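Below you'll find the structure, written out as structure tokens, and then a few comments.
The values are calculated or read from the model by the stated rules, or taken from the named source; none is laboratory data. Predicted model, so just to flag it, every value in this text is computed and none were measured. Note that each Cβ is placed from the backbone with ideal geometry, even for glycine, and that neighbours are counted across all protein chains shown. The area values use the complete protein model at the heavy-atom level, side chains included, leaving out ligands, DNA and RNA. Shrake-Rupley method; radii C 1.70, N 1.55, O 1.52, S 1.80 Å.
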Amino acid sequence: MPDLLVNNKRYTVKAILFDKDGTLLEFVRLWGYWSESVHRHFAKQLPQPAQIAPLAELWGTVHDEDGHVCDYSINGPLAMGSTGDLLAILAWQGYRQGLSWGESMRLARECKERAYQDMDQTRPAYPIPGLIPFLEQCRDHGMFMGIVTADETEEAIKHMEWMGIRSYFPVIIGNDQVERGKPYPDMVVKACTQLGLKPREVAVIGDTSGDIRMGKSAGVSVTIGIVSKEDSSDRIQILEEAEAVISSYAQLKVEASRHE
């Protein structure tokens, strides 16, 4: 069993379970693009397009001077909600303008698919700096790896393929595979079952409190929060429940266990 070194502290684990967005790939470049696309398509379908609430108010996004998503609230719907949650928030805007709930949800789902089509053309998925060398290190030392994400499984697989790193992850568990999403332990438990491991034999790495609480509720060996150097103190405080917090994959290392 290899050892995972986190800021020079050693944990003996057999696998690492990663959150996807903000942990494996750059969240804003992918989901900022998608969010703008969904909102734009949906607004065009409303009786009064100009009266739809801004994306920042609906999904907790932050926008630059040109109106593009440049950040997000780590506690907001975009960061922590499922796709279904986001579409329901959007559909409420149609319902407020006189559409039936069923019609508004239908439009929201159609706009989601249009946004995915837009994204398929541009493929705006980029790995977190330093990620791929760390994945190589894990593979070289026999560390199993999996993904536990609030996204849908099919989309998660697609994003890994876009970045060319699908082969590192034999197990990918999306929100659609469990009854309860983060912060409940269900995704970790399911991933461990598929890997043939116990939760105490794995580590969880994520960038939100939901990731950390999920790992803790499942009883994993260690929870690791990842933040960027640009993250605000409020965002960093969200991860205080984690056993360790890193700002770069350079702070992680995998070695042969001292017990072997």
Exercise for review: Pull up the cross-link candidates among the lysines for LYS158, meaning alpha carbon to alpha carbon under 25 Å and not fewer than 8 places away within one chain.
Suggested key: LYS20, LYS112, LYS182, LYS190
Practice item. Determine the share of the range 122-186's accessible area contributed by carbon and sulfur atoms, expressed in whole percent, with a 1.4 angstrom probe. Key: 49
**Study point:** Sequence ranges 203-213, 84-94, 244-254, 21-31, ranked by mean other-Cβ count within 10 angstrom, highest first
**Key:** 203-213, 21-31, 84-94, 244-254
Revision key, fill the gap. Once phi for every residue in the range 206-220 is put through the Karplus expression 6.51 cos²θ - 1.76 cosθ + 1.60 (θ = phi - 60°), the whole-Hz ³J(HN,Hα) values, with Gly and Pro written as x, are x, 10, 10, 5, x, 5, 5, 5, 4, x, 5, 5, 7, x, 6
Check your understanding: What residue among GLU65, GLU241, GLU161 shows peak mean-square fluctuation when the chain is described by a Gaussian network model with Cα springs under 10 Å?
Key -> GLU65
Exercise for review: Could you provide, to the nearest whole Å², the per residue accessible area of the chain with probe 1.4 Å?
Suggested key: 46
Check your understanding: Using modelled backbone amide H atoms (1.01 Å from N, in-plane), which distant-in-sequence or interchain residues come within less than 5 Å of ASP71's amide H?
Key -> VAL62
Review point. Check GLU26: other-chain or 5+ apart residues with amide H under 5 Å from its amide H, H built from backbone geometry?
Key: TYR126, ILE128
**Study point:** Paired Rg and Dmax values of the chain, which use every Cα atom, in angstrom
**Key:** 19.0, 67
Practice item. Relative to the longest principal axis of the C-alpha atoms of the chain, give the angle of the C-alpha long axis of helix 33-45, reported between 0 and 90° and rounded to the nearest 10°. Key: 20
Check your understanding: Sorted by mean Cβ packing within 10 Å, highest first, what order do the peptides 145-151, 34-40, 58-64 take?
Key -> 145-151, 34-40, 58-64
Study note, to complete from the structure: Karplus ³J(HN,Hα) for the range 170-185 (6.51 cos²θ - 1.76 cosθ + 1.60, θ = phi - 60°; Hz, whole; x = Gly/Pro) runs x, 10, 10, 10, x, 4, 6, 9, 10, 6, 10, x, 4, x, 5, x
Study note, to complete from the structure: When the chain is treated as a Gaussian network with springs between alpha carbons less than 10 Å apart, the largest mean-square fluctuation among ASP120, ASP19, ASP186 is found at ASP120
Practice item. List every residue whose amide H lies under 5 Å from the amide H of ILE246, counting only residues 5 or more places away in sequence or on a different chain, with H placed 1.01 Å from N in the peptide plane. Key: GLY225, ILE226, VAL227
Revision key, fill the gap. For the range 186-200, Karplus-derived ³J(HN,Hα) couplings (6.51, -1.76, 1.60; θ = phi - 60°; whole Hz; x for glycine and proline) come out as 3, 5, 5, 4, 5, 4, 5, 4, 5, 7, x, 10, 9, x, 5
Point to revise | Cα-based helix-to-principal-axis angle, 153-163 vs the chain, degrees rounded to 10 | key: 70
